[in-house]
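Asker: Pasting in a structure now, in structure tokens, and then I'll have a few things to ask.
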Amino acid sequence: MSSSTTAIPSLADVAQQSAESGAADTPTKVDVDALSFFYGEKQALEGVSLSIPANQVTAFIGPSGCGKSTFLRTLNRMNDIIPRTRVVGKVAIDGDDIYAPGTDVVELRRRVGMVFQKSNPFPKSIYENIAYGLRINGMAGARSELDDRVESSLQAAALWDEVSDRLRESALALSGGQQQRLCIARALAVQPEVLLMDEPASALDPIATQRIEELVYQLKSKYTIVIVTHNMQQAARVSDRTAVFWLGKLVEYDKTSQIFTAPSEKLTEDYVTGRFG
Amino acid sequence: MASERRDRIERLIERGLQACAGLSVLVTAGILVVLLVETLQFFREVSPFEFLFGTVWTPLFLQKSFGVLPLVGGTLLVSFIAMSVAGPAGLLTAIYLSEYAPSRVRRVVKPVLEVLAGVPTVVYGYFALLFVTPLLQQLIPGLSGFNALSPGLVMGIMILPMVSSLSEDALHGVPRGLREAAYALGATKMQTTVRVVLPAALSGISAAGILAVSRAIGETMIVTIAAGQQPRLTANPLVPIETMTAYIVQVSLGDTPTGTLAYRTIFAVGMLLFVSTFLLNLVSNWLRERFREEYA
């Protein structure tokens with residue numbers, strides 16, 4: 001396979017560019033205050049506080065097991081389905097604490113969509129994969145409306161042109177990269193405000209990865225995007241802000257350009273320069 | 001020297017193991033050959049057409065008639081009743097255990113269910129005859145002492161653990177990622193279970209169901225004890241009937257002289273039984289393979 005299409009820019013170049021594009025501060029979408037998380041007795045996150053701005057891409061980086069995925073999953077209460085887990089602290093979306101008693105978790109998860117590390121399309125047709133979320137959320141409406149929403153979701157995920165003539169075929173017949181874009185389309189269909197992406201490209205080849213990254217860049221005008229990645233170049237390429245995690249703690253959180261060119265923590269510098277990780 | 005000796009022992013062990021494996025294959029093949037030969041002998045005297053489509057089964061009477069349909073009908077009736085119990089109850093149990101029960105409950109309930117599968121079938125047979133039938137007779141006046149209903153219900157209880165255990169395996173085998181995907185879209189637990197997990201496990205669940213049907217068709221003791229010995233082509237579960245398996249028992253135990261045509265009927269019936277359960281097992285295996293491929 002030819003990889004000549006993707007000349008990976010140096011970190012400094014990218015940082016320079018994103019600094020020029022001016023990650024202007026936008027209103028806070030997600031505000032996390034002193035969040036700790038426990039799997040049984042084991043503490044996975046220790047007092048993490050950060051604010052995620054709306055309509056920007058925020059990347060979480062750090063070595064394996066540093067808590068970045070766990071943290072991501074606290075933002076739509078996905079960890080609730082794991083038994084014997086416990087959350088302390090506050091996560092507010094648009095000012096409302098999502099762990100407050102009486103929170104409608106189902107509605108929360110509709111507002112905060114998620115794309116997983118391993119693409120997980122339902123073993124149904126391409127069309128039904130998109131339509132499922134619309135149906136369970138009572139957003140299906142008339143047939144023609146459903147058709148329109150399926151089409152617009154697939155277009156938003158840059159998949160429509162590749163699948164428009166085979167919507168009734170099984171989603172499992174798609175390539176890995178297409179499956180992951182289908183999962184993105186599925187998440188977008190229910191019109192979330194925030195999109196969480198847990199290493200969405202880690203299982204994909206470079207070309208498929210590039211398409212996902214382009215997509216992330218396009219989507220941020222409409223959505224607040226949080227992406228976990230173990231790939232520092234990816235964080236540098238797609239994100240406006242970057243948070244560095246280490247052993248369950250937030251080490252540093254700043255503009256991506258700052259993190260990659262002039263980090264204030266020694267640990268960050270060691271990590272982004274590949275001295276450990 | 002020592003190494004030569006070691007090699008010889010290794011070869012000996014290998015040969016011994018080969019012989020063990022070969023023996024079981026040979027015995028199975030031998031049974032099949034006997035079954036086939038006797039069946040062919042039978043069909044020399046009775047046309048397969050008469051056997052398969054005749055509606056009267058009286059090979060032990062003076063007026064001999066060799067239509068196997070009453071036995072097939074009796075078998076299907078009892079199996080149908082059994083599956084009406086074991087199918088829904090087994091599936092619901094599986095859904096509860098896999099999706100709703102805390103892992104603590106599952107760890108206790110699943111082995112208990114599997115122990116139920118180890119109860120000797122003769123116990124179930126007497127349970128049907130001496131407990132369930134009298135109970136049903138109080139509810140349904142005119143229920144015969146031997147009938148299809150009571151052994152059918154008890155057989156349903158007998159195969160329920162098999163259905164629930166295999167279905168639970170299928171549900172449990174659905175990747176967690178699919179459940180998470182549904183939850184992440186704002187699905188409730190029930191929406192996730194009914195519209196994502198169940199369809200995804202369908203081939204595995206069907207495999208479990210078909211295997212259970214195969215088990216029901218081949219089940220012998222319960223129906224021999226509690227269903228009666230009257231070959232009768234009927235859909236009425238309240239009267240005595242006879243299944244293929246019970247007929248084979250009846251002839252094997254009775255005073256039918258060996259080598260006679262009446263005696264050979266049990267090989268023909270046995271062949272039919274073998275072919276049908278064999279085909280069902282094949283379909284079940286095929287479905288299970290497909291399930292495995294989907295989530296490899």
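Asker: Does chain B come out rounded, prolate or oblate, given a ≥ b ≥ c as the square roots of the eigenvalues of its C-alpha gyration tensor, rounded meaning a/c under 1.5 and, failing that, prolate meaning a/b above b/c?
Answerer: oblate
Asker: Let me know the shape class of chain A, please: from the alpha-carbon gyration tensor, a ≥ b ≥ c as square roots of the eigenvalues, rounded when a/c is under 1.5, otherwise prolate if a/b is greater than b/c, or oblate. Walk me through the intermediate numbers first.
Answerer: Details: a/c = 1.78, a/b = 1.22, b/c = 1.46.
The shape class here is oblate.
Asker: Considering chain B as a Gaussian network with a 10 Å cut-off on Cα pairs, which listed residue, B:Asn147, B:Asn236, B:Asn281, attains the greatest mean-square fluctuation?
Answerer: B:Asn236
Asker: Next question. Report, in whole Å, the centroid distance computed from the Cα atoms of the range B:124-192 and the range A:62-105.
Answerer: Their Cα centres are 39 Å away from one another.
Asker: With Cβ to Cβ distances under 12 Å as the rule, what net charge do the other residues near B:Val249 carry (K, R +1; D, E -1)?
Answerer: Values: positive: none; negative: B:Glu219, B:Glu242.
Surrounding charge for B:Val249 is -2.
Asker: Let me ask another. If you count, for each residue, the other Cβ atoms within 10 Å and average over each peptide, how do A:86-92, B:77-83 line up from highest to lowest? The partial results should precede the final answer.
Answerer: Values: A:86-92: 16.4, B:77-83: 23.9.
The most tightly packed comes first, giving B:77-83, A:86-92.
Asker: Within 13 Å, Cβ to Cβ, of A:Val251, how many net charges do the neighbouring residues add up to if Lys/Arg are +1 and Asp/Glu are -1?
Answerer: Values: positive: A:Lys68, A:Lys249, A:Lys266; negative: A:Glu46, A:Glu252, A:Asp254, A:Glu265, A:Glu269, A:Asp270.
That works out to -3.
Asker: How about the range A:163-214: which trypsin sites (Lys or Arg not before Pro) there lie in a loop by DSSP and see at most 12 other Cβ atoms within 10 Å?
Answerer: Numbers: sites: A:Arg166, A:Arg168, A:Arg181, A:Arg186, A:Arg211; in loops: A:Arg166, A:Arg168.
Hits after loop and neighbour filter: A:Arg168.
Asker: Moving on. Can you give the average number of partner chain beta-carbon atoms within 10 Å of each beta-carbon in peptide A:111-119, as a whole number?
Answerer: Details: counts 1, 2, 3, 5, 2, 5, 1, 4, 2.
That works out to 3 on average.
Asker: Let me ask something else. Please state the charge dipole magnitude for chain A, taken about the Cα centre, from unit charges on C-beta atoms (+1 on K and R, -1 on D and E), reported in debye and rounded to the nearest 20.
Answerer: Values: 29 positive and 34 negative charges, 137 e Å.
Value, rounded to 20: 660 debye.
Asker: In the Gaussian network model of chain B, springs joining C-alpha atoms below 10 Å, which of B:Thr28, B:Thr224, B:Thr260 carries the largest mean-square fluctuation?
Answerer: Highest fluctuation among the options: B:Thr28.
Asker: How much mean residue ellipticity at 222 nm does chain A get from its helices, if each DSSP H run of length 4 or more adds -39500 (n - 2.57) and you divide by all residues, to the nearest 500 deg cm²/dmol? Present the calculation step by step, with values, prior to reporting the outcome.
Answerer: Working: 11 runs with 101 residues, N = 277.
When only DSSP H runs of four or more count, the value is -10500 deg cm²/dmol.
Asker: If you don't mind, another one. Output wanted: per-residue J couplings in Hz (rounded whole) for the range B:268-278, from phi through Karplus 6.51 cos²θ - 1.76 cosθ + 1.60, θ = phi - 60°, x for Gly and Pro.
Answerer: Listing the rounded values in order: 5, 5, x, 4, 4, 4, 4, 4, 5, 5, 4 Hz.
Asker: Could you derive backbone 3J(HN,Hα) for the range A:214-220 from the dihedral phi with the Karplus parameters 6.51, -1.76 and 1.60 (θ = phi - 60°), listing whole Hz in sequence and x where the residue is Gly or Pro?
Answerer: 4, 5, 4, 4, 5, 6, 5
Asker: Another question about this same structure. Averaged across the residues of A:131-141, what count of C-beta atoms belonging to other chains lies within 10 Å of each residue's C-beta? Could you put the intermediate results ahead of the total?
Answerer: Details: counts 0, 7, 6, 1, 4, 9, 4, 0, 1, 0, 0.
Other-chain Cβ atoms within 10 Å of each residue's Cβ, averaged: 3.
Asker: Give the shape of the range B:94-164 as rounded, prolate or oblate, defined through the alpha-carbon gyration tensor: a ≥ b ≥ c are the square roots of its eigenvalues, a/c under 1.5 means rounded, and otherwise the shape is prolate if a/b is larger than b/c and oblate if not.
Answerer: Values: a/c = 3.45, a/b = 2.30, b/c = 1.50.
In terms of gyration-tensor shape, prolate.
Asker: Considering only DSSP beta bridges with both partners in chain A, what is the antiparallel share in %, to the nearest 5? Numbers along the way, then the final one.
Answerer: Working: 25 of 42 bridges.
Once the DSSP bridges in chain A are tallied, antiparallel ones form about 60 percent.
Asker: Lysine pairs in chain A with alpha-carbon atoms under 19 Å apart, 8 or more places apart or on different chains: how many are there?
Answerer: 15
Asker: Springs between alpha-carbon pairs under 10 angstrom, Gaussian network model over chain B: which of B:Leu136, B:Leu23, B:Leu160 fluctuates most?
Answerer: Taking springs between Cα atoms under 10 Å, the residue moving most is B:Leu23.
Asker: Is it possible to state the helix-based mean residue ellipticity at 222 nm for chain B, with each DSSP H run of 4+ residues giving -39500 (n - 2.57), the sum divided by total residues, to the nearest 500 deg cm²/dmol? What is it? Intermediate values should be presented prior to the final figure.
Answerer: Details: 13 runs with 209 residues, N = 296.
The helix-only estimate for chain B comes to -23500 deg cm²/dmol at 222 nm.
Asker: Under 14 Å Cα to Cα from B:Lys64, which aspartates and glutamates show up? Leave out anything in the same chain fewer than 8 places away.
Answerer: Output for B:Lys64: B:Glu45, B:Glu50.
Asker: Give me a single rounded figure for B:199-211: the average over its residues of other chain Cβ atoms within 10 Å of their Cβ. Kindly include the intermediate steps, with their values, before the conclusion.
Answerer: On the way: counts 4, 3, 1, 1, 1, 0, 0, 0, 0, 0, 0, 0, 0.
Per residue, the number of nearby Cβ atoms from other chains is 1 on average.
Values quoted throughout were computed directly from the atomic coordinates according to the rules given, and no laboratory measurement underlies them. From a predicted model like this one, the values you see are computed outputs, not experimental measurements. Because the Cβ atoms are built from the backbone with ideal geometry, glycine has one as well, and the counts that use them run over all protein chains shown.
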